[in-house]
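Below you'll find the structure, written out as structure tokens, and then a few comments.
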Amino acid sequence: MKTYEKILYFFLLPILAVLLYPPQSLLKGVGVVMAAVLLFVLIGYFLLKGKELALTFMIFMQGMNVIVRLMMFFSTGFTNQGQPNVPFLITCFLGLALSFWLLVRLDQQDIRLSMIG
């Protein structure tokens, strides 16, 4: 696996998948966003070092993100009057799809083999 693919799979896409929300939502909790980015950078570092536990934790985090986004999709995506919250629906669906794809992709054999070498 090439270096740019490792950076993409271990750092950029996991951070994007978890933090893909409308900007006004993220601006309310800048400290939490920075802590999440730091956590994912740390997990990515351990993935580059070949730690199996870090891979398991990353897969778990992406799975939890899929579950949380599924639970939030209808409750937050629509108002009580049934009006759609379009920015939230779009970002929620994109984050859900990206997390699910990462969940499946990170569990494949070539990712595990790239961690060894």
Fill in the blank from the handout: Per the filter on the stretch 27-48, residues open to solvent by 50 Å² or more (accessible area, probe 1.4 Å) and more than 13 Å from Phe11 (Cβ to Cβ) are Leu27, Lys28, Val30, Gly31, Val32, Met34, Ala35
Handout entry: Every pair of residues 6+ apart whose Cβ atoms lie under 6 Å, when the first sits in the stretch 83-106 and is over 22 Å from Leu8 (Cβ atoms) while the second is not in a helix (DSSP H, G or I)
Key = Pro84/Phe78; Pro87/Pro22; Phe88/Pro22
Problem - Odd one out for Ile116 among (1) closer than 17 Å to Phe10 by Cα; (2) out of contact with any helix residue (DSSP H, G or I) (no Cβ under 9 Å at 6 or more places or on another chain); (3) among the β-branched types (Val, Ile, Thr); (4) modelled with pLDDT of 95 or more - result: (4)
Exercise for the section: Give the stretch 44-60 a look and list any residue that's touching a helix residue (DSSP H, G or I) at 6+ places or on another chain (Cβ under 7 Å) and part of a helix (DSSP H, G or I), or say none. Expected result: Gly44, Phe46, Leu47, Leu48, Ala54, Leu55, Phe57, Met58, Ile59
Exercise for the section: Output the number of the condition that Ala97 fails; it satisfies all remaining conditions of (1) over 18 Å from Leu20 (Cβ atoms); (2) open to solvent by 40 Å² or more (accessible area, probe 1.4 Å); (3) among the small types (Gly, Ala, Ser). Expected result: (1)
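The values are calculated or read from the model by the stated rules, or taken from the named source; none is laboratory data. Since this is a predicted model, take the numbers as computed values, not measurements. All Cβ positions, even for glycine, are placed from backbone atoms using ideal geometry, and neighbour counts span all protein chains on display. Protein only, heavy atoms only, side chains kept; ligands, DNA and RNA dropped before computing areas. Shrake-Rupley method; radii C 1.70, N 1.55, O 1.52, S 1.80 Å.
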